[in-house]
1. Of 113, 26, 101, whose Cα points farthest to the positive end of the dipole of the stretch 1-152 (charges on the beta-carbon: +1 Lys, Arg; -1 Asp, Glu; origin at the Cα centre)?
2. Counting only the heavy atoms of the protein chains, how much of residue 399 is accessible to a 1.4 Å probe, in Å² to the nearest 10?
3. Might you work out the accessible area of residue 199 for me, using a 1.4 Å probe with all protein chains in place, and round it to the nearest 10 Å²?
4. Over 21 Å between Cα atoms: which of 105/265; 327/404; 191/404 fall into that group?
5. Might you report the magnitude of the Cβ-based charge dipole of the stretch 152-255 about its Cα centre, with Lys and Arg at +1 and Asp and Glu at -1, to the nearest 20 debye?
6. For 32, 221, 214, what's the largest-to-smallest order of accessible area, 1.4 Å probe?
7. How much solvent-accessible surface does residue 337 expose, in Å² to the nearest 10, with a 1.4 Å probe and all protein chains in place?
8. Rank these residues by their accessible area, most exposed first, probe 1.4 Å: 211, 47, 272.
Amino acid sequence: MASTVHAEDDLQHLVAAAAPGTVIKVAPGVHHVHLVLDRAVTLEGQSGAILDGDGQGDVVRIRVAGVTLRNLTIRNSGRDLTAMNAGVYIEKDVDGAVIENNRIKDILFGVYLDGPQHVRVIGNVITGIAELRMPDRGDGIHLWNDAWCEIRDNDVSGTRDGIYDYVSHDDLIVNNHIHEVRYGVHQMYTKQETLQGNISSNNVGGMALMSSSHMRVIDNHLVNDSTYGILFNYVTYSDISHNEIRDITGDFTGDGQVMEGAEGKALFVYNSEFNRIHDNLLADSPIGVHITAGSQDNHVYGNAFVNNRTQVKYVQNVADEWSVDGKGNYWSNYLGWDLDGDGVGDVPYRPNDGVDVLLWKYPSARVLMSSPSVLLMRYVQRAFPVFTPPAVQDSHPLMRIPEKLRASADEPRR
């Protein structure tokens, strides 16, 4: 059953009179609405169909299972962060809503999922309210206490975070492009989430993943973000693999100095344990990976560290081996040799020494870099390894970039 709504029609009245399963075709023109969908209908926009909230409240609020919104322009929500005004607001326990191929713009929150399940948010273009300061904006797609949702093929920009995911589990966040926001993907207290094939560019941080476990973070591309590509803060038992992270720039103050803590880290691993970090490309950034605050028992192997100013910043007091079953990582500044030609270096790679650790703890000591005392310290560490502090060692460094990463590593810098 289908019916067509014209701009002069009362869309809310037509929805109230529709039988479940009705397809309502929204004709071209501006429909000024604060639409409440309390029955399972499909709203399908014809070319030029616009739902406009006139800067107040939610444009569309979904209260029942089985609603579909497709091919609409949804714009001009309210700006009340406390009320969480949104272009599309999906209420608690709603099951199976589909938000597909819409243009959602000039909104506080784009799509707000307030505890639903099996929701699909696919192929939408979402842009925030550019005139608001970033902390005053909502998120492009906001998930709270949801499960088994699919967030796929969306383009998100100009919001606070692109996709914010809180206290959720078993979601798929796949093939989204997120740019010009704070964090491309921001997760807190999630479990068994899959982040795959997403592109983050020109954000403050690509992904901020916190207090989460059993995640799959695979095949994402994070380029030209400023502070870090991926932050892991108390992340456990997760697989981080086949990601391309490059050209992380560092965040600068007005006088050209790098902001403290924002040096530009491809990976920042903080208080995270029991993860597998493998087969990633970490390239062309000030710091390849920063490991700190009790991040132990992670398996790090098969990665390519290419042309990072500092390959590893390791600020811990325990030694850590970065190879598994005879397979280490590729290091573009490795100076060892491979006499037997097996593709594995004969000399272990140690990215840091005691002088590096000293400078990280006491940055003002950099003025002594060329002093005889610092040169003597480095000589003593090489001659008498007993004086070398606990650090990362790769006992089986790879002589060549792994084949699966080579094409990405050879691409010209963006």
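The values are calculated or read from the model by the stated rules, or taken from the named source; none is laboratory data. These numbers were taken from a predicted model, which means no experiment stands behind them. Glycine also receives a Cβ, built like all others from the backbone with ideal geometry; neighbour counts cover every protein chain displayed. In case anyone asks, the SASA skips ligands and DNA or RNA and just uses the protein heavy atoms, side chains included. Shrake-Rupley method; radii C 1.70, N 1.55, O 1.52, S 1.80 Å.
1. Going by the Cα projections, it comes out as 101.
2. Solvent-accessible area, nearest 10 Å²: 60 Å².
3. Its accessible surface works out to 70 Å², give or take rounding.
4. Numbers: 105/265 32 Å; 327/404 15 Å; 191/404 28 Å.
Violating the 21 Å Cα-Cα cut-off are 105/265; 191/404.
5. Details: 6 positive and 15 negative charges, 41 e Å.
With only Lys, Arg, Asp and Glu charged at Cβ, the dipole is about 200 debye.
6. Values: 32 120, 221 55, 214 90 Å².
Listed by decreasing accessible area, they come as 32, 214, 221.
7. About 130 Å², ignoring ligands and nucleic acids.
8. Details: 211 40, 47 110, 272 0 Å².
The ranking, largest first, comes out as 47, 211, 272.
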